[in-house]
Amino acid sequence: MRQYVKLAFILASSAFLSACSSFSAGNLFSHYSAQNEAVYQAVKSGHYQEADALLPEYVAGDILDNLEKGRVQLLNEQFQQSQASLARGDSAVRELQDKAVISVSESAASISSFAVNDNLSVYQPADYELGFLHLYLGLNYIQQNSLEDALVEMRRANIVQERARKERERELESAQEQLENQGLSPNLGSILSQYPDAGDTLKAVQNGYLLYLSALLYEASGELNSAYVDYRRALAVAPDNTQVIEGTKRVAKRLGMSSDLKQLERRYGKAKTLASNESRVIVLEEQGIVEAMQAWKQSLPLFDSRGLGALYSISLPYYPTAQTQSFLPMTLDQSQLSSDLLTDVNLMAQKNLSERMPAIIIRQAIRVWAKDQLRRQTTEQNGVGNLLFNVWNVMTEQADTRSWLTLPGEIRSSSEVVTAGDHVIEVADKRIQFHVDEGDTVLVWVSRQGNSATIWHKQLGNIR
């Protein structure tokens, strides 16, 4: 009887600690992608109103829940609500980063996540997700005609991404130290060798979408030096993107950087300027939706300080092969627009997971070993107790599939030099008409999922 009481106390304690973390009970026995499958499929199909109605009230905490809400509300053209949700997510991120003292609730969340699964820990957004947070805050400001506030978000994006990268390095060091303190040595290679590698390429860690938009906004505001810095960074990420190439040459010429311009023109051709009666249309087009992480059961060889080993079953997140979604070209004045890839979000997500995987496996190794030791000490060869504990361990060992699920799959860009006057863009089921003055540039923003699209345009002013 004493063994059953002890077992009941352990299980109840885990449940209590989970409640302290304020996360839903679903995180005990399910994972994030599974819990948000309905929202994900609604966005993927372009049913934005349905996705908005399906958004859960609370699943992953103030950071990730608000990022999802802000993104869906943006697609649903609820711009003020989107701005408010993203601002709440931003505030939660800053609160997390600025805390110097761990609170009681955070301690409970940390203990419960160690005892149960990683879904009960406080969500730490990836650096690429932080970049998108500020990008979408900036886009909402552009939509509200506030270029100055949009530029503030572009500046913040660079700062927080660098900070996040350092935090991730510290996370791995801490996990390795924990493992050494336990005297354990997991065979990481047996797991990592089976994981797809995103590739050590710049475009997997740097957001060309963010860099190009930032450069464009700086150029529109007359801050040419800052614009040139971001155009060059965008060019390093997307060296074949026509819009990035033209922007880089254009600003180099305006700044009088003859040496740089000569090198650029040698590779890409002469810089073009607008004629007296011409204007420019620039289109940023999001397509599809990023792949959702799934759960993967895998056996992990684990050895103690005496060299004794055993196989433990762990549940890890992984990205399935990205499914390419095809979309009909947009038309400008009934002529098809050609586009160039600016950012592959699936590549960024996969790279982030690849970088985090060693720390994830180490935490899993410590947890499954600790659970097994607790089972041995608690049940003392009791058959029923062993069965109950094994069922509990299997049911609660859930992969941490938390990520910003509603981000686009990829971003493409287009541009056309047009005659000043009225023009029409058509995409999916939408048609917008706009006027552009001589020498001015219009930015058109589009996000396409399924057979639907969200589209709006803004005047950026004179960019020659």
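The values are calculated or read from the model by the stated rules, or taken from the named source; none is laboratory data. Keep in mind the model is a prediction, meaning the values are calculated, not measured. Note that each Cβ is placed from the backbone with ideal geometry, even for glycine, and that neighbours are counted across all protein chains shown.
Looking at this structure, is ALA215 at pLDDT 60 or above and either among the small types (Gly, Ala, Ser) or under 22 Å from the mean Cα position of the chain (by Cα) (or both)?
Yes: the conditions hold for ALA215.
Here are the criteria: (1) of a type in the set (S, T, N, Q); (2) over 26 Å from the mean Cα position of the chain (by Cα); (3) modelled with pLDDT of 90 or more. Tell me which single one ASN241 does not satisfy.
Against the list (1) of a type in the set (S, T, N, Q); (2) over 26 Å from the mean Cα position of the chain (by Cα); (3) modelled with pLDDT of 90 or more, ASN241 comes up short only on (2).
VAL417 - would you say it is within 28 Å of the chain's Cα centre (by Cα) and within 19 Å of VAL244 (Cα to Cα)?
no
Among the residues of the stretch 226-238, how many are farther than 17 Å from ILE282 by Cβ and either at pLDDT 95 or above or not in a helix (DSSP H, G or I) (or both)?
0
Name the residues in the stretch 88-115 that are out of contact with any Gly (no Cβ under 8 Å at 6 or more places or on another chain), of a type in the set (A, V, I, L, M, F, W, C) and modelled with pLDDT of 75 or more, would you?
VAL93, LEU96
Given the structure, is SER221 loosely packed, with under 14 Cβ neighbours inside 10 Å, small (Gly, Ala, Ser) and at pLDDT below 95?
no
How many of the residues making up the stretch 420-447 are within 29 Å of the chain's Cα centre (by Cα), surrounded by 13 or more Cβ atoms within 10 Å (Cβ to Cβ) and of a type outside the set (A, V, I, L, M, F, W, C)?
Matching residues across the stretch 420-447 total 3.
Exactly one of these conditions fails for ALA60: (1) outside any loop (DSSP other than H, G, I, E, B); (2) of a type outside the set (Asp, Glu); (3) out of contact with any Ser or Thr (no Cβ under 6 Å at 6 or more places or on another chain); (4) at pLDDT below 90. Give me its number.
(1)
In the stretch 63-100, which residues are within 19 Å of ILE455 (Cα to Cα) and outside any helix (DSSP H, G or I)?
ASN76, GLU77, GLN78
Name the pairs whose Cβ atoms lie under 8 Å apart, with the first residue in the stretch 253-275 and surrounded by 16 or more Cβ atoms within 10 Å (Cβ to Cβ), the second outside any loop (DSSP other than H, G, I, E, B) and basic (Lys, Arg), and 6 or more positions between them or separate chains?
LEU261/LYS249; LEU261/LYS253; LEU264/LYS249; TYR268/LYS249; ALA271/LYS249; ALA271/ARG250; ALA271/LYS253; LEU274/ARG280
Which one is surrounded by the fewest Cβ atoms within 10 Å (Cβ to Cβ) among residues in the stretch 329-355 that are among the hydrophobic types (A, V, I, L, M, F, W, C) and in contact with a Gly (Cβ under 8 Å, 6 or more places away or on another chain)?
Checked the stretch 329-355; the qualifying residue surrounded by the fewest Cβ atoms within 10 Å (Cβ to Cβ) is LEU347.
Could you check the stretch 285-310 and list, in sequence order, the residues that are farther than 21 Å from ALA399 by Cα and either assigned to a strand (DSSP E or B) or modelled with pLDDT under 65 (or both)?
Within the stretch 285-310, GLU285, GLU286, GLN287, PHE303, ASP304, SER305, ARG306, GLY307, LEU308, GLY309 meet the criteria.
Can we say ALA51 is surrounded by fewer than 19 Cβ atoms within 10 Å (Cβ to Cβ), at pLDDT 95 or above and not charged (D, E, K, R)?
Considered against the rule, which asks whether it is surrounded by fewer than 19 Cβ atoms within 10 Å (Cβ to Cβ), at pLDDT 95 or above and not charged (D, E, K, R), ALA51 comes out as no.
Return yes when GLU219 is in contact with a helix residue (DSSP H, G or I) (Cβ under 7 Å, 6 or more places away or on another chain), over 30 Å from GLN325 (Cβ atoms) and touching a residue at least 40 places away in the same chain (Cβ under 8 Å) and no when it is not.
Spelling it out, GLU219 is indeed in contact with a helix residue (DSSP H, G or I) (Cβ under 7 Å, 6 or more places away or on another chain), over 30 Å from GLN325 (Cβ atoms) and touching a residue at least 40 places away in the same chain (Cβ under 8 Å).
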